[in-house]
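Student: One structure is given below, represented as structure tokens, and several questions about it will come after.
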Amino acid sequence: MNRIRLNLEKRSSNSYDICIGTDLPDRMGLIMAKNNWASRYVIVTDDRVGALYGESMLGILRGLSLVVDRIDIPAGEKSKRIETCIGIAERLIDLGADRTSALIALGGGVVGDITGFVASMFMRGIPYIQMPTTLVAQIDSAIGGKTGIDLEGGKNLLGAFHQPKAVFIDLAFLKTLDDREFSNGLAEIVKYGLIEDPSLLDLLETEGQALRKRDPALLEKIVLRACQIKKGIVEIDDTEKGLRRVLNFGHTLGHAVEAASGYGLSHGEAVAIGMAASLRLSEKMGYLKSGDRERIDTLIESLGLPRRMPAALDPDDLLRRIGRDKKKTGDRVPFVLIRKPGMPFMNGGVPEAMLRDTMGELRG
């Protein structure tokens with residue numbers, strides 16, 4: 001098992017380990033028992049993951065004399081609503097949970113975001129543990145303490161920063177992911193290559209097919225590297241006031257596309273489209289060479305990800321959604337652009353006409 005320590009110097013009590021390996025539940029339970037983070041635990045999962053792993057997780061943790069219960073929610077982005085959180089909180093009260101209790105997020109990014117948000121609010125804050133089951137969650141959303149739920153106006157508009165006690169990344173979960181969900185994670189790996197480590201792009205180009213076949217050694221190498229990148233950025237800027245914003249490369253338009261599609265497009269698919277747009281914007285504004293943009297376009301397609309948005313999406317609707325983006329300052333919505341792979345920067349704002357033209361080029 002690989003172990004990475006995420007150190008938050010300003011709030012050292014919020015520092016925690018990211019543990020990466022295969023078949024981790026037993027070791028996770030032992031670590032939980034040793035650290036005595038809570039008097040009782042409640043697993044929050046969705047009905048898909050719960051059907052696969054819920055009972056076995058309960059059995060393992062209870063076998064270590066831990067007091068554990070379980071709450072299942074409907075799978076999918078549509079569960080990221082305040083009503084779901086209220087339902088979880090009421091169920092926690094029914095179970096007798098209190099300030100000495102902790103939650104375990106067993107699932108993908110939706111479950112992790114909801115569980116972290118509930119943990120940040122329930123009785124003014126209780127601990128939680130991340131056990132991500134999707135590639136996106138393992139390399140991105142489970143690390144860094146960002147929690148959030150959706151409003152009608154857009155994604156993750158209600159949330160809090162609430163760091164977990166630990167993140168346990170079990171690569172065995174990836175065996176049961178369908179191909180589409182696995183590809184979601186590949187989009188985030190492309191993002192890490194573009195904002196921090198261009199060697200990841202080289203690796204995706206040469207080993208992309210082996211990765212899509214889920215070669216265990218290659219998976220562990222890439223997940224470990226992605227986690228190192230994410231933890232390094234979070235350590236510098238844990239509340240997204242500066243550097244951490246580069247992690248939003250492709251997400252400004254991507255979130256708008258995802259929501260406008262009624263979540264028919266997955267998060268990774270929408271981010272891939274958002275990255276394609278950001279690459280074009282970087283090229284049009286004279287920062288990025290056309291050869292670099294074309295190379296990444298080819299890589300995105302080779303990984304089974306889209307780089308064009310559905311023609312049915314209304315550009316005016318997308319612009320309205322972008323205008324409500326939580327990262328905006330006043331009337332300006334900053335975009336993360338790049339000068340070359342590994343060299344991102346925050347642009348003060350993209351002209352609306354250029355953004356509209358770019359969306360038009362990517363439709364269909």
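Quick note: the coordinates plus some simple rules give every number you see, no bench work behind them. This one's a predicted model, so the numbers in the text were calculated from it and none came from an experiment. A quick note on method: Cβ atoms are made from the backbone with ideal geometry, for glycine too, and the neighbour counts reach across all protein chains shown.
Student: What 222 nm value per residue comes from the helices of the chain, counting each DSSP H run with n ≥ 4 as -39,500 (n - 2.57) and dividing by all residues, nearest 500 deg cm²/dmol?
Tutor: When only DSSP H runs of four or more count, the value is -14000 deg cm²/dmol.
Student: Same structure again: Test of understanding: ordering H251, H162 by Cβ neighbours within 10 Å, fewest first, what list do you get?
Tutor: The most exposed by this proxy come first: H162, H251.
Student: Classify the stretch 181-224 from the C-alpha gyration tensor, please: rounded if a/c falls under 1.5, else prolate or oblate depending on whether a/b exceeds b/c.
Tutor: Because a/c hits 1.5 or more and a/b exceeds b/c, the stretch 181-224 counts as prolate.
Student: Between rounded, prolate and oblate, where does the stretch 182-262 land on the alpha carbon gyration tensor, with a ≥ b ≥ c its root eigenvalues, rounded for a/c under 1.5, else prolate if a/b exceeds b/c?
Tutor: Verdict is oblate for the stretch 182-262.
Student: Mind sorting Y53, Y263 by how few other Cβ atoms lie within 10 Å of their own Cβ, fewest first?
Tutor: Y263, Y53
Student: To make sure I understand, if each residue's beta carbon is the centre and we count other beta carbons within 10 Å, what order do I129, I104, I4 fall in, fewest to most? Could you put the intermediate results ahead of the total?
Tutor: Details: I129 25, I104 28, I4 19.
Ranking I129, I104, I4 by Cβ neighbours within 10 Å, fewest first, gives I4, I129, I104.
Student: Could you calculate, for the chain, the ratio of the Cα radius of gyration to the Kirkwood radius, expressed as Rg to Rh?
Tutor: 0.96
Student: Would you mind telling me which residue in A217, A119, A270 has the biggest mean-square fluctuation in a Gaussian network model of the chain, where springs connect alpha carbons within a distance under 10 angstrom?
Tutor: A217
Student: Just the number, please: percent antiparallel of the DSSP beta bridges in the stretch 2-176, rounded to the nearest 5.
Tutor: Around 30 percent of the beta bridges assigned by DSSP in the stretch 2-176 are antiparallel ones.
Student: Could you give me the percent of Cα pairs per 5 Å distance bin for the stretch 1-123, shortest bin first, beginning at zero and ending with the bin that holds the maximum distance?
Tutor: Distribution as computed: 2, 10, 19, 22, 23, 15, 8, 1 percent.
Student: Number of Lys-Lys pairs in the stretch 128-234 under 22 Å by Cα, sequence gap 8 or more or different chains?
Tutor: Taking the Cα cut-off of 22 Å, the pair count is 18.
Student: Calculate the spin-label point distance for D215 paired with R308, positioning each point 7 Å from the Cα along the beta-carbon direction, and give it in nanometres.
Tutor: Taking the simple label geometry, R308 and D215 are separated by 3.1 nm.
Student: Separate question: Taking the Cα atoms only, what angle lies between the long axis of helix 109-121 and the longest principal axis of the chain, rounded to 10 degrees?
Tutor: Helix 109-121 sits roughly 60 degrees off the main axis of the chain.
Student: Here's a follow-up. For the stretch 180-361, what is the per residue volume of the convex hull drawn over the alpha-carbon atoms, in cubic angstrom? Mind showing how you got there, number by number?
Tutor: Details: hull volume 19.7 nm³, N = 182.
Residue-normalised Cα hull volume stands at 108 Å³.
Student: Next question. Please report the relative contact order for the stretch 2-176, taking Cα pairs under 8 Å with a sequence separation of at least 6, and give it as a percent rounded to a whole number.
Tutor: 25 percent
Student: Another question about this same structure. Among M28, M275, M123, which one shows the highest mean-square fluctuation when the chain is modelled as a Gaussian network with alpha-carbon springs under 10 Å?
Tutor: For the chain, modelled as a Gaussian network with Cα springs under 10 Å, the answer is M123.
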